[in-house]
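See structure below.
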Amino acid sequence: METSDKSVFKAQFNELVKPYMVLYVGSLFFVTVIGIVLLPFWFLGVGQWWSRHYYDKLECELTETAIRFKKGILVQVEKTIPLENIQDVTFVEGPLLKYFHLCILKFETAGQSAGQANDMQLVGIINAQELRNLILSQRQKRMQAKNTAPANPVSDNAVVLQEIKELLADIKGIMQSQRVQ
């Protein structure tokens, strides 16, 4: 990400992400044989520790040109997605998410293969709908600015080529006059 890139919005995360993560992972443990054995350890301390540290590592920032996010405990992920690559921002609310007053924002980017998961998912952003609208409006501004960019490089090239042509004509004239003498 460019250092001159101005921040437009810095997301804050709802603290209810922590109990949501504990229950979500606990429910995944519940459906596996090995997970059932680990379930008491998860609910009696490990889950709270993990969710607290996971929450502390969450960051999301929208700039004029990209969206950047960081997350993870053991495997830390930092991702920057240029706004012009974002195709869709999906707003998801399920029953467990609604219970905790949370939602998921899913970002789909250009160039994804059909079987690939979403490039980015963020759980528990406060004012997620506002962030979604800001992302889409920033992307629209970037696309319009790109489409209305002046065609100066082409006209500048034409001027330079014309000057080169005139210089070559002058050189040709000098060389012909030297041959005659």
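The values are calculated or read from the model by the stated rules, or taken from the named source; none is laboratory data. Computed from a prediction, not measured in an experiment: that's the story for all the values here.
Hand me the list of helices (runs of 4 or more DSSP H) wholly inside region 16-92 holding 3 or more residues that are among the hydrophobic types (A, V, I, L, M, F, W, C). Quick ask: steps written out before the conclusion?
Numbers: elements: 17-30, 33-41, 47-57.
The qualifying helices (runs of 4 or more DSSP H) are 17-30, 33-41.
For region 67-88, check the following and say yes or no: at least one residue is of a type in the set (Phe, Trp, Tyr) and at pLDDT below 90.
The answer is no, given that none of the residues of region 67-88 is of a type in the set (Phe, Trp, Tyr) and at pLDDT below 90.
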